[in-house]
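Since every read-out is calculated from the coordinates, none of them should be taken as a lab result. Keep in mind it's a predicted model, so treat the numbers as computed, not measured. Virtual Cβ from ideal backbone geometry, glycine too; neighbours counted across all protein chains shown.
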Amino acid sequence: MLLNAVAGHRVLFVGGKGGVGKTSVSSALGHALMRRGRRVLLVSTDPAHNLGHLWERKVGDDPTRLASSPDGGLIDGVEIDPKTVVERHFDAVLLQMERMLPERLHGPAKRHLEGARHAPGSHESAMLERIAEATELGLRDYDVVIFDTAPSGHTLRLLMLPEQLTDWAETLLRSRARSEQFSAVLESIVPHKEQPPTDRDAALRRTLIRRRERFARLRDVLHDDAAFVLVTLAEPMPMAESLELALHLDEIGVTLAAVVINRRSPGDAGEVLAERRRLEDVQVERLRAVLASVPTVELPLLRGHPSGEAGVDALAQQLD
Ligand SMILES: Nc1ncnc2c1ncn2[C@@H]1O[C@H](COP(=O)(O)OP(=O)(O)OP(=O)(O)O)[C@@H](O)[C@H]1O
Ligand SMILES: [Mg+2]
């Protein structure tokens, strides 16, 4: 059922409130696709990673094989560490700046960058670039990319308008008015109109254009190939938040492929759980009434915490 709902989307974002089962569901979905012979890249963007924990394997910045099937299906995992991404981003920017600027300006450039590192938007910009990179890798080498996203509003901001996020070069150009010291640097990069463009100017523009193109491609992918899978619980608070998120996705034009209602209580395992199930039913009905056109998939509460490939597989079987 969930597989039908996501069919045709090559980029999937699995999101929802903290602890509702995003990592479990994205892994189970990946596993179900793998069992059907698909090549899946599973990417965690959550700083508190639990992909490695769930799969009982060390997962890092490079794709790690999590499982494979005899017919060529596979699932590779990546954990993106936002802190490392930001560090690496700024190191690369610094290197590029040093290449483009005369040596006497390296000091002021470095100081400017240190300031920019903590400026609002810098973190998002670096993460967006890494997500764009992972998406490109996924579309090139895999059939499907699944993002296990952070619980905050962060992912949504990223999904919203990639083109709104500035890259470092634009930040530099903008900071001209603010930074006396840096305007000297900029003068050397961006010459006055009457002067012919220098090599440095051309290099800066090339970098700018490359990054713009990458963000533009990501934006196109988000609009054309991507879909969101919302994970929730049949409880009032998570449901209220999920409805809000669903409306938000609608506003920003991101397809909501399905809502997974996780950890549904069994109706035949004692009075307490039966009563809980009745309360959950009310929530589920409400959700279905509001999101009438969105498929909903229910996952039962399992006895234990799914872990290892067997645990993921057990959950995946429930998605069929
Ligand atoms: N269907 C289920 N039955 C039983 N336990 C489940 C089920 N789904 C998830 N869990 C358990 O619920 C807990 C939270 O799941 P998971 O880590 O997937 O959530 P998450 O949304 O990724 O959390 P976070 O926001 O912290 O990243 C885990 O202990 C997991 O083992
Ligand atoms: Mg998680």
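Do we have G72 as away from ligand 2 (no atom under 14 Å from the Cβ) and closer than 18 Å to A150 by Cα here?
No: the conditions fail for G72.
How many residues are at negative phi and within 16 Å of ligand 2 (Cβ to nearest atom) when one looks only at segment 1-36?
Residues flagged as at negative phi and within 16 Å of ligand 2 (Cβ to nearest atom) within segment 1-36 amount to 17.
Please work out which one of (1) crowded, with 18+ Cβ neighbours inside 10 Å; (2) free of Cβ contacts under 8 Å to residues at least 40 places away in the same chain; (3) assigned to a helix (DSSP H, G or I) is the condition L287 fails and give its number.
(2)
Among helices (runs of 4 or more DSSP H) lying entirely in segment 1-73, which contain 1 or more residues that are over 20 Å from A310 (Cα atoms)?
2-6
Would you confirm, using the coordinates I've provided, whether L105 is crowded, with 17+ Cβ neighbours inside 10 Å, more than 30 Å from A257 (Cβ to Cβ) and aliphatic (A, V, I, L, M)?
The answer is yes for L105.
Restricting attention to segment 128-148, and to residues there that are within 18 Å of A28 (Cα to Cα) and of a type in the set (D, E), which single residue is farthest from ligand 1 (Cβ to nearest atom)?
Ranking the qualifying residues of segment 128-148, first place goes to D143.
Based on what the data block shows, is V93 among the β-branched types (V, I, T), surrounded by 15 or more Cβ atoms within 10 Å (Cβ to Cβ) and within 16 Å of ligand 1 (Cβ to nearest atom)?
no
A quick yes/no check of all residues on (1) surrounded by fewer than 17 Cβ atoms within 10 Å (Cβ to Cβ); (2) away from ligand 1 (no atom under 14 Å from the Cβ); (3) not hydroxyl-bearing (S, T, Y):
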{"residue": "L222", "(1), (2), (3)": "no, yes, yes"}
{"residue": "F228", "(1), (2), (3)": "no, yes, yes"}
{"residue": "V260", "(1), (2), (3)": "no, no, yes"}
{"residue": "P300", "(1), (2), (3)": "yes, no, yes"}
{"residue": "R303", "(1), (2), (3)": "yes, no, yes"}
{"residue": "A310", "(1), (2), (3)": "yes, no, yes"}
